[in-house]
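Below is one structure, written out as structure tokens; the observations come after it.
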């Protein structure tokens, strides 16, 4: 079957390139997470270069009233984008999943109704994570229309909720079992971010790839900062090691430290009063590339014992890699051996070792980082990964 005859329908939470600011201010009460949306954007745009595609998106904004300001996500408030259909849905906990499923199912039926039934064999529905509404729509599509299905798994289903309350734990375990059941019965092909994740699914007789994410391209820009500039982009919370960056800034006054993001420590960071530590709040994804290319050292001090650190690969690390800059990060269980020559790992889980690694990284200007990254991580260039994925669909 010729690939250009296929239609790939994505199910995900993509915000749209022009909607980040709208979604942040209209819906999010606290921290906004853009990693899933950015990954979906990069992969979808690459698919569009190769075949006919559409994206059905229910932008993820958290539950009302704790995390989301509005009871309803209304697609009328979002800026339209070619080949993307945004879905309206209720954000109320307990109702959100059903509402997402109903809205996405309505949209996928609308798209399939435009096709001749003989063309259904050329359709593949791709869920962008093991999220219950996506899996239920994917499963219904397979059963009703007989179309092929695929699932991208950035993290395990049981890791999608982090609350320690017994009620949430009960629902998490119940939903995780349901998601595994749906995936194992109704998914034809998989893309797993790590090998450990793949071992949790029934892949017998099915095809799959293991790639920890994608890199858009490798770039290399020489910096000429008066002081070494160390940059962190991501959530501002304890598990992501923000305290380590604060302590490093106190000890290393000869360097500048930038923190971009939002989260639990925003107020604290805004009033911290450390001269060489600069908190810039949320950074629009469109500006990330400019910031990391203008930095000297990139930081990702997520604790090695943080929740899900062994399975969930930090998307920021691959974005950092694309800039071909030295990166300081604690060694996580999800990092395989190809990163050993690329990343600066503190040898001990303390601030002293973290600072030592920053110094080593800042003194590595003699290394041809672009050449090193290209030699080790070309397999993760989005063009190569999407080609690998399409082969098994």
Exercise. Please work out which one of (1) surrounded by fewer than 18 Cβ atoms within 10 Å (Cβ to Cβ); (2) part of a strand (DSSP E or B) is the condition residue 55 fails and give its number.
Key: (1)
Practice problem: Scan segment 112-130 for residues that are in contact (Cβ under 8 Å) with a residue 60 or more places away in the chain and buried (at least 16 other Cβ atoms within 10 Å of the Cβ) and report the count. | Solution: 8
Practice problem: Could you grab me the full set of residues in segment 262-273 that are outside any loop (DSSP other than H, G, I, E, B) and either touching a residue at least 60 places away in the same chain (Cβ under 8 Å) or under 20 Å from residue 230 (Cα atoms) (or both)? | Solution: 266, 268, 269, 270
Self-check item: Count of segment 299-327 residues which are more than 23 Å from residue 40 (Cβ to Cβ) and not in a loop (DSSP other than H, G, I, E, B)
Solution: 2
Quiz item: Of 387, 352, which residue is in the same structural domain as residue 253 (by TED's automatic domain parsing), modelled with pLDDT of 95 or more and exposed (fewer than 14 other Cβ atoms within 10 Å of the Cβ)?
Solution: 352
Quiz prompt | Among the candidates 12, 16, residue that is in contact with a helix residue (DSSP H, G or I) (Cβ under 6 Å, 6 or more places away or on another chain) and either modelled with pLDDT of 90 or more or on the phi < 0 side of the Ramachandran plot (or both) | solution = 12
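Results for (1) closer than 30 Å to residue 22 by Cβ; (2) surrounded by fewer than 19 Cβ atoms within 10 Å (Cβ to Cβ); (3) out of contact with any strand residue (DSSP E or B) (no Cβ under 9 Å at 6 or more places or on another chain), shown as yes or no for each residue.
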site: 301; (1), (2), (3): no, no, no
site: 310; (1), (2), (3): no, yes, yes
site: 315; (1), (2), (3): yes, no, yes
site: 324; (1), (2), (3): no, no, yes
site: 328; (1), (2), (3): no, no, no
site: 340; (1), (2), (3): no, yes, yes
site: 367; (1), (2), (3): no, yes, yes
Quiz item: With 360, 377 as the choices, which residue is touching a strand residue (DSSP E or B) at 6+ places or on another chain (Cβ under 9 Å), in contact (Cβ under 8 Å) with a residue 40 or more places away in the chain and part of a helix (DSSP H, G or I)?
Solution: 377
Exercise. Can you work out which of the residues in segment 154-177 that are more than 18 Å from residue 62 (Cβ to Cβ) and modelled with pLDDT under 75 is farthest from the chain's Cα centre (by Cα)?
Key: 166
Practice problem: Kindly list the number of the only condition in (1) in a helix (DSSP H, G or I); (2) surrounded by fewer than 17 Cβ atoms within 10 Å (Cβ to Cβ) that fails for residue 249. | Solution: (2)
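Every residue, every condition in (1) in a loop (DSSP other than H, G, I, E, B); (2) at pLDDT 95 or above; (3) outside the structural domain of residue 15 (by TED's automatic domain parsing), yes or no:
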site: 232; (1), (2), (3): no, yes, yes
site: 275; (1), (2), (3): yes, yes, yes
site: 281; (1), (2), (3): yes, no, yes
site: 286; (1), (2), (3): no, no, yes
site: 292; (1), (2), (3): no, yes, yes
Exercise. Could you grab me the full set of residues in segment 178-205 that are assigned to a loop (DSSP other than H, G, I, E, B) and surrounded by 14 or more Cβ atoms within 10 Å (Cβ to Cβ)?
Key: 187, 188, 193, 194, 200, 201, 203
Practice problem: Return yes or no: is residue 384 closer than 24 Å to residue 291 by Cα and without any contact (Cβ under 8 Å) to a residue 24 or more places away in the chain? | Solution: no
Quiz item: Which one is surrounded by the fewest Cβ atoms within 10 Å (Cβ to Cβ) among residues in segment 209-232 that are closer than 20 Å to residue 310 by Cα and touching a residue at least 24 places away in the same chain (Cβ under 8 Å)?
Solution: 209
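Does residue 39 satisfy the criteria of being in a helix (DSSP H, G or I), closer than 25 Å to residue 287 by Cβ and touching a strand residue (DSSP E or B) at 6+ places or on another chain (Cβ under 6 Å)?
Working: in a helix (DSSP H, G or I): yes; closer than 25 Å to residue 287 by Cβ: yes; touching a strand residue (DSSP E or B) at 6+ places or on another chain (Cβ under 6 Å): no.
The answer is no for residue 39.
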Quiz item: Quick check, is residue 10 assigned to a strand (DSSP E or B), within 20 Å of residue 133 (Cα to Cα), in contact with a strand residue (DSSP E or B) (Cβ under 8 Å, 6 or more places away or on another chain) and without any contact (Cβ under 8 Å) to a residue 60 or more places away in the chain?
Solution: no
Quiz item: Given the structure, is residue 22 crowded, with 21+ Cβ neighbours inside 10 Å and either touching a helix residue (DSSP H, G or I) at 6+ places or on another chain (Cβ under 9 Å) or modelled with pLDDT of 95 or more (or both)?
Solution: no
Quiz item: Of the numbered conditions (1) touching a helix residue (DSSP H, G or I) at 6+ places or on another chain (Cβ under 7 Å); (2) at pLDDT below 95, residue 240 satisfies every one except a single condition; which is it?
Solution: (1)
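The values are calculated or read from the model by the stated rules, or taken from the named source; none is laboratory data. Model, not experiment: these values are computed from the prediction. Ideal geometry is used to build each Cβ from the backbone, glycine not excepted, and the neighbour counts take in all protein chains shown.
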